[in-house]
Every structure is written in C-alpha cells, then in structure tokens.
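Asks: What follows is a single structure, and I will ask about it in a moment.
Any read-out appearing in this document is the output of simple, stated calculations on the displayed coordinates, not a laboratory observation. Keep in mind it's a predicted model, so treat the numbers as computed, not measured. Here the Cβ positions follow ideal geometry from the backbone for every residue, glycine too, while neighbour counts run over all protein chains shown.
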Amino acid sequence: MTHLALLLSRYVNGVSMRHEEVSQDMFPNYPIDSISNGVNAVTWAAPPLARLYDAHIPKWRQDNFDLRYAVHIPVEEIMDAHRDAKSALLAEIERRTGETLSPTVFTIGFARRATPYKRPDLLFSDLSALQRLVQRVGPLQVVYAGKAHPRDEGGKSLIQRVFEAANSLKETINVVYLEEYDMALGRLLCGGVDLWLNTPQKPLEASGTSGMKAAINGVPSLSILDGWWIEGHVEGVTGWSISDDPGPESRPDEEIPSLYDKLEYLILPMYYERPTEFARIMRSCVALNGSFFNAQRMVLQYVETAYRPRAANYWGDA
C-alpha cells in the first residue's frame, strides 16, 4: 500500500526533517520532502499562559508567529503564570488520585500513547541512581499518563512497569499515573509540569507533538534527539538532549547515564538554585519553539509547498 500511495502521489513528505531522511532511505526511488508538524497554539496554551500572551502579545491568537515576541515578557511573569498552571494540574491530580503533590517540587511530565518504542520506563532504568540523584540535588516528582491499545501487550506491560517503579520509589520520589488520558488532561499536563520528558527509541519517532504542546506553555523538553526535537533542540536554551549522539540508532548505554547526568548536574540545580535562569529557558521555549512548531505555520507550508498547482512540478513533468 505504501508503494502504491508513493506512486500515485505527486508530492510526498515526512512530518519532520528526520522523518524525511529515514523515509528516503527506506524508499530511495521516490523524492521525499518534509513539512514538520505543528500544534494548535490556542488550544494547547494553558489559561494562565494564554492570559499572559494576551497581555503582552495581543495578536498571538491570530498570528502564532508573534509568539517570538515572548522574549520581551519579564521572566517573573512567566514564572507566575507557570505557577498558576502548575497549581491547576496538581489540584486535578489530587481530585483524581487523592495524591497531594508539592507545588515547590520539580515535576517531570510524561504523557503519550503507551507503546514499547516510547520507552516510558527509561527513567527507571537504575532506581538506585535515581534515588541518589534526588538525595544529592533535591526532590523530584513524576506525573505519567497515557493509554495502550487493548491489543498492545508490550504497551500494557510498560504501564505496569511504571507502577512497579512508583512502588519501589515511594519513600523518595512521588510517581503518579493518571487514568483516562484525554485532551483536557493533556492540556493540564503540558502547561503544569516543569519539564517534558521524551524517550523514544531512535529512529522510530516520526515527529512527536507532545513536546510542542509543552513548548507553547514554556515547558522545556529533555528528549532523545529524534523526530521534531532535532529541529527544536538548542541545548540549554529550549531544553536538553538525552545523549549528545546524533546517530540514527538508540544506544541505551549512552542514553541512560546522560538522562541522569543532565537531571543531576544541569536541570535540577538550575531549577532549585537559579530559578530565574530556568525561567529564561521557559521563555525561550515559547519564543523559539512555540512560534514555529504550530499548526498555522504547518498549514501555510502545506499550502505553499504541497497543495498549490505548481507543486505538480515536484515530479518534473508538469
């Protein structure tokens, strides 16, 4: 079916630059372009952040490119808006689970379809190392959400693995898994956590969009260099990479130590000791990633590159 679709299409694209590269290797006889995904900025901006943008960037709803002007928003106001978004998330977590998480504790979010290549358990590869990290640098809490397909036994077993890790860590790290994941909960998570974690197995992440939703809210990512993050990642500016290796295949022996090292030596110390510096990274997420990885830009690219009649020239015959 893929070959049939490629043969009958006058324009073919991947949904990120990396997706284009991988697809071109898989199907070398067809020209493949790329148009990176984007998310609806107005839908995914948490209410406190949306109000902040309304005050400082009045036309951002009509023109998402205006989010680049977030660079002029005072970091103290970014921090205040995020604090409100985090409070809303923690209140919903308590309502759903009875668990009371602290608004002052660094909170990692991981929410997406539960399937093996997403590797939701990578954070728990070495529980002792994770516990030592927290004891040395500062407290940590983790919020998970996401459903597995009913027939995805691997995905369901990974959810069980997260529950097992949560039980093992309960004395040192609060880990909660939220049921009934949907858009409303996703919006709360993307706006209310302090860091967005993404751990796919390379090169299986065609694009990914959850980190884009987080960036709309000024939440930086800690992510594997795959999919959209290769384009959105500026180390220490929009977030951090898990392993600096740009190679095409995942290497857990490098990724796991990198994940812990960046949390222990870069991210948590900045959050607890230099909060204004952390807030500047949040602001950069909005200005750089939020202003680009949105649906307005994506649709404009599809119109100009794929849909207009001149796109017929893609095959060189019209």
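Asks: Per residue, how much space in cubic angstrom lies within the convex hull of the C-alpha atoms of the stretch 1-87?
Replies: 148 Å³
Asks: For the stretch 182-255 and the stretch 274-290, what is the separation of their Cα centres, given in Å?
Replies: 15 Å
Asks: Hey, if you put +1 on the Cβ of every Lys and Arg and -1 on every Asp and Glu Cβ in the chain, which of L169, G239, Q296 ends up farthest toward the positive end of that dipole?
Replies: Q296
Asks: Using Cβ contacts closer than 10 Å as the measure, can you line up S157, S168, S291 from fewest to most?
Replies: S157, S168, S291
Asks: Can you tell me the order of 123-133, 203-213 when each peptide is scored by its average per-residue count of other Cβ atoms within 10 angstrom, highest first?
Replies: Taking the mean over residues of other Cβ atoms within 10 Å, the ranking is 203-213, 123-133.
Asks: Compute the separation of the alpha-carbon centres of the stretch 1-48 and the stretch 49-106 and state it in Å as a whole number.
Replies: The stretch 1-48 and the stretch 49-106 have Cα centres separated by 30 Å.
Asks: Could you work out the per residue convex hull volume over the alpha carbons of the chain, in cubic angstrom?
Replies: Cα-based convex hull of the chain, divided per residue, equals 132 Å³.
Asks: When you count, for each residue, the other Cβ atoms within 10 Å and take the mean per peptide, how do 275-283, 38-46 rank with the highest first?
Replies: 38-46, 275-283
Asks: Along its three principal axes, how long is the stretch 151-259 when you only count alpha carbons? Whole Å, largest extent first please.
Replies: Result for the stretch 151-259: principal-axis Cα extents of 34, 33, 32 Å.
Asks: Using the count of nearby Cβ atoms within 10 Å as a rough guide to exposure, how do S34, S16 rank from fewest to most?
Replies: Result, fewest neighbours first: S34, S16.
Asks: Order of R68, R251 from fewest to most other C-beta atoms within 10 Å?
Replies: With the fewest neighbours first, R68, R251 line up as R251, R68.
Asks: Let me ask another. Do any GluC sites (Glu not before Pro) in the stretch 130-200 lie in a DSSP loop with no more than 13 other beta carbon atoms within 10 Å, and if so, which?
Replies: Passing sites in the stretch 130-200 are E171, E179, E180.
Asks: For the chain, what does -39500 (n - 2.57) per DSSP helix run (n ≥ 4), summed and divided by total residues, give at 222 nm, in deg cm²/dmol to the nearest 500?
Replies: Taking each H run of at least 4 residues, the total per residue is -12500 deg cm²/dmol.
Asks: Taking the simple approach of a point 7 Å from Cα along Cα-to-Cβ for both R136 and R280, what is their distance in nm?
Replies: 2.6 nm
Asks: Subtract the Cα-Cα distance of R68 and R161 from 0.36 nm times their separation in residues, and report this length gain in nm to one decimal.
Replies: 29.5 nm
Asks: So what are the three principal axis dimensions of the stretch 94-218 from its Cα atoms, in whole Å, longest to shortest?
Replies: 36, 29, 28
Asks: What do you get when you divide the Cα radius of gyration of the stretch 204-297 by 2.2 N^0.38 Å, with N the number of residues?
Replies: Scaled against compact globular proteins, the figure is 1.07.
Asks: How far apart, in nanometres, would the label points at L6 and V234 be if each is projected 7 angstrom from Cα along the Cα-to-Cβ direction?
Replies: Calculated label separation equals 3.6 nm.
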